[in-house]
Amino acid sequence: MKRQKLLAVFMAGCMMAGVLGGCGGSKEPAAEQPAAPQEEQSGEAADGGAQEDTGAAPAGETITLSLATTQSSSTPIVQTATKMVEGIKEASGGTVDIQLYPDSTLGSQSEYLEGVSIGTVDMCLIAAGAIETFYDQYAVYSVPFLLRSVDHTYKFYLSEDGQAINDELLSRTGIRVVACFDEGFRQVFSNKPVKSLADFSGLKIRIPDNPLYVNTFNGLGCSATVVALGDLYTGLQTGLVDSFELPTGSAYGNSVYEQVDYCTKTNHIGGAMFLLVNDKVWNTLSAEQQQIILDYAEEASAENRENVTKNDEEQWKIMEESGIEFIDLTDEAYQEIVDKMESVVNDFYGDVLDKEMLDRARALEAQ
């Protein structure tokens with residue numbers, strides 16, 4: 001199965017516009033805020049990209065922006081985003097007021113992406129996989145066994161290749177990438193120890209209804225079985241499956257780890273997410289306002305990566321105390337799996353992603 005190329009930008013924002021009802025990019029007088037002098041515009045955006053001189057909002061006025069995400073309001077990533085928007089509002093003297101809409105309040109990830117592209121949503125925080133529909137190079141963040149940690153993912157995001165992908169997205173769609181976030185990596189939980197490629201053979205592993213996951217685990221020698229997450233606990237009890245792959249937080253939150261004996265830290269696919277903004281909206285901000293957003297977004301990104309690592313370690317400890325044995329793959333075992341994945345990667349991404357770029361991405365882990 002070949003990965004689809006860039007889809008056309010849909011013009012289906014009418015529904016979204018009705019939902020938002022004018023919250024995007026609206027301007028109103030700031031409450032009891034003295035007018036601040038405008039900084040001289042340099043003709044370039046604060047992050048180095050070209051900036052169109054469309055005229056920033058007058059000093060002292062509030063710009064209200066919408067920020068949509070499907071993430072639950074109870075998740076650490078939304079709690080971090082909440083701190084971010086509060087910090088931006090305070091640091092800007094109340095002139096940048098970002099209204100956060102979690103819990104899929106305004107729709108789906110695809111609707112958010114379409115909305116940001118045409119301006120019915122100002123900002124969104126969505127998964128890399130969703131952005132693939134607009135620019136297929138974001139598939140690099142989904143290649144199995146390529147990026148090995150949240151820090152490795154962030155290194156790629158900052159690399160020349162990562163920034164070139166972001167720049168091309170901006171050029172093609174008018175969507176600007178502000179920051180990189182992460183939901184964490186997926187691990188393999190099983191009822192037998194998995195320490196090498198050979199140990200995957202015969203596993204009846206639960207996977208989501210996604211062709212990439214089906215081919216990845218069948219390619220490793222498993223019997224990949226699609227099971228709804230809500231049915232996984234029972235599926236493990238009845239023997240329908242004897243293993244599963246999930247992010248640590250999902251395995252812990254759904255208590256499905258109680259039905260297995262081992263967890264192999266495969267980090268096979270990560271959960272890169274991106275904070276996006278409509279570029280025309282971005283260019284209504286002053287250089288000072290843009291820099292405030294960039295600074296607080298970067299601070300939130302760093303906090304997010306720390307939270308992912310901290311939460312995983314805390315939940316691993318609880319699981320270990322309950323009897324789960326954790327296994328770290330050796331470099332040799334990991335490389336054996338990577339080699340086995342070559343056909344799967346070629347099948348999905350051979351006509352999309354440059355092999356040399358993948359090699360450069362893999363090499364960043366050691367730096």
Problem - Accessible area expressed per residue, the range 94-158, with surrounding protein chains retained (probe 1.4 Å, Å²) - result: 25
Problem - Carbon plus sulfur fraction of accessible area for the range 221-262, probe 1.4 Å, in percent - result: 43
Practice task
Give the calculated FRET efficiency between LYS317 and GLU168 to the nearest 0.05, with a Förster radius of 41 Å applied to their Cβ-Cβ distance.
Solution key: 0.45
Fill in the blank from the handout: Contour minus Cα-Cα span, ASP295 to LEU158, at 0.36 nm per residue, comes to 47.8 nm
Handout entry: R0 of 51 Å, Cβ-Cβ distance ALA363-THR238: FRET efficiency to nearest 0.05
Key = 0.70
Practice task
Using the Karplus curve 6.51 cos²θ - 1.76 cosθ + 1.60 with θ = phi - 60°, work out ³J(HN,Hα) for each residue of the range 133-138 in order, rounded to whole Hz, and write x for Gly and Pro.
Solution key: 5, 9, 8, 5, 5, 5
Fill in the blank from the handout: Taking r as the C-beta separation of ASN210 and VAL338 and R0 as 25 Å, the FRET efficiency to the nearest 0.05 is 0.80
Fill in the blank from the handout: Stretched fully, the stretch from GLU258 through THR82 gains (0.36 nm per residue minus C-alpha distance, one decimal, in nm) 60.1 nm
Fill in the blank from the handout: Loop-resident trypsin sites (Lys or Arg not before Pro) in the range 162-250 with no more than 15 other Cβ atoms inside 10 Å, DSSP not H/G/I/E/B, are LYS195
Exercise for the section: Please work out how much accessible surface ASP97 shows to a 1.4 Å probe, ignoring ligands, DNA and RNA, in Å² rounded to 10. Expected result: 30
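The values are calculated or read from the model by the stated rules, or taken from the named source; none is laboratory data. As the structure is a computational prediction, the values presented were derived from the model and not from experiment. Positions of Cβ are generated from backbone atoms using ideal geometry, with glycine treated the same way; all protein chains shown enter the neighbour counts. Just so you know, the surface numbers come from the protein's heavy atoms only, side chains and all, with ligands and any DNA or RNA stripped out. Shrake-Rupley method; radii C 1.70, N 1.55, O 1.52, S 1.80 Å.
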